[in-house]
Amino acid sequence: MAYSQPFPLAQTLQKPQQQTFGPDLAVRLICPDCRDPNPNIIEEFSSGDLVCGTCGLVLGDRVVDTRSEWRTFANDEGDDPSRVGAASDPLMEGMEQLDTVISFKDGGSGLARELQRAASRSSASRSERNLLSAFREIASFCDQFSLPKTISDIAKQLYKRSDEEKLLRGKPLDAVIAACIFIACRQAHVPRTFREICTLTHVSKKTLGQCYKALEAAFNLSPGATAKAAAVSEDNHAGPEMLLPRFINHLDLPPNFESICAEVIKEGRSLHIADGRSPTSIIAGAIYFTCHLLGKSKSTRDISNVIGVSEGTIKLVYRLYYAQRDKLVKEEWIKDGRAKLERLPNDSSK
């Protein structure tokens, strides 16, 4: 009687296997007390325990919930699988950020509106509601102006600080918000003019200026209401030339125009030309001066429509630049043929 030799099988079993890191599917987890071949193991993520559903024995603890953090954008249709709230806002520190919203579905009885009023009164104080309302207004204005979220956050911080320190008590809410947005734009190096902020927020220029001056003094900001005070330092590029790129783009002027016009503004500031004038007036006069200097056809009406400065003001600032033309125009501009003093009209009405 022949017997099969077990050596080939033994050699196969003794062959070293490659180490793998995948799960061993042959391992089954059963309860040591029940020893049921078909165990009922329950994962209780709320407590982090692994429990036998038959006898209640805790088989493990610190179970990590590996399920997805679902989010839904449905309009009250179906169950909401989300289990987390919105991201925490550092600007809302000290205030409750998890709100309970009363549903509108009340069968037409009108009870939902009354419940919402009661919930809003009990959930937040008046100061917190005013702060939330101001934050919404700031975000809305920044969206209308196509400003980035950075400016919106800076404006919210400025408003919260002014509200906590009661800096502008009695001032209209829109005026305070407008001043905060104006300062935030300057700090983020994307400045906007008073006229643009007033047009956006429907606040008068006088009221905006009062709020801005109060915040400027309270926050110890660098002064910048006038062209003379705006010259803080060349490194920070503070001054009317910060507004120059946008206006040049709107006027459809060539790229090399900006550098020459900026040099004219800086040199004019060092010579104290047009001191006390608003930044937009200085920019408008400098652009009109540079257009004639480089032979670019732009009328005072074109510049006035874009910058928002009257034609009379543009001509007045141009006369101030024209009087110092020999000091403003560099020799290399004339040598390379870009600039010609003969192009500058003696009568600004031309």
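Structural remarks
- Where helices (runs of 4 or more DSSP H) fall wholly inside segment 151-225, the ranges with 2 or more residues that are touching a Gly at 6+ places or on another chain (Cβ under 9 Å) and crowded, with 17+ Cβ neighbours inside 10 Å are 173-187, 194-201.
- Test: residue in segment 101-119 that is among the polar types (S, T, N, Q), in contact with an Asp or Glu (Cβ under 8 Å, 6 or more places away or on another chain) and modelled with pLDDT under 85: yes
- From the list 279, 245, 223, 240, the lone residue that is at pLDDT 80 or above, under 22 Å from residue 206 (Cα atoms) and within 26 Å of the chain's Cα centre (by Cα) is 279.
- Annotation note: Cβ proximity below 9 Å between a residue of segment 328-350 that is over 16 Å from residue 257 (Cβ atoms) and assigned to a loop (DSSP other than H, G, I, E, B) and a residue that is at pLDDT 80 or above and of a type in the set (D, E, K, R) (sequence gap 6+ or interchain) occurs for 348/315; 348/319; 349/315.
- Matching option when the condition is part of a loop (DSSP other than H, G, I, E, B) and either polar (S, T, N, Q) or free of Cβ contacts under 8 Å to residues at least 40 places away in the same chain (or both), among 304, 281, 297: 297
- Single match in 274, 339, 262 (criterion: surrounded by 13 or more Cβ atoms within 10 Å (Cβ to Cβ), closer than 20 Å to residue 194 by Cα and not polar (S, T, N, Q)): 274
- Every residue from segment 245-278 that is part of a helix (DSSP H, G or I) and of a type in the set (S, T, N, Q): 249, 256, 259, 270
- Segment 137-150 - residue that is hydrophobic (A, V, I, L, M, F, W, C) and over 8 Å from the mean Cα position of the chain (by Cα) and, of those, surrounded by the fewest Cβ atoms within 10 Å (Cβ to Cβ): 139
- For segment 304-326, filtering for residues that are loosely packed, with under 13 Cβ neighbours inside 10 Å, more than 19 Å from residue 279 (Cα to Cα) and not hydrophobic (A, V, I, L, M, F, W, C) leaves 1.
The values are calculated or read from the model by the stated rules, or taken from the named source; none is laboratory data. Predicted, not measured: the structure shown is a model, and the values here were computed from it. No Cβ is skipped: glycine too gets one built from the backbone with ideal geometry, and neighbour counts run over all protein chains shown.
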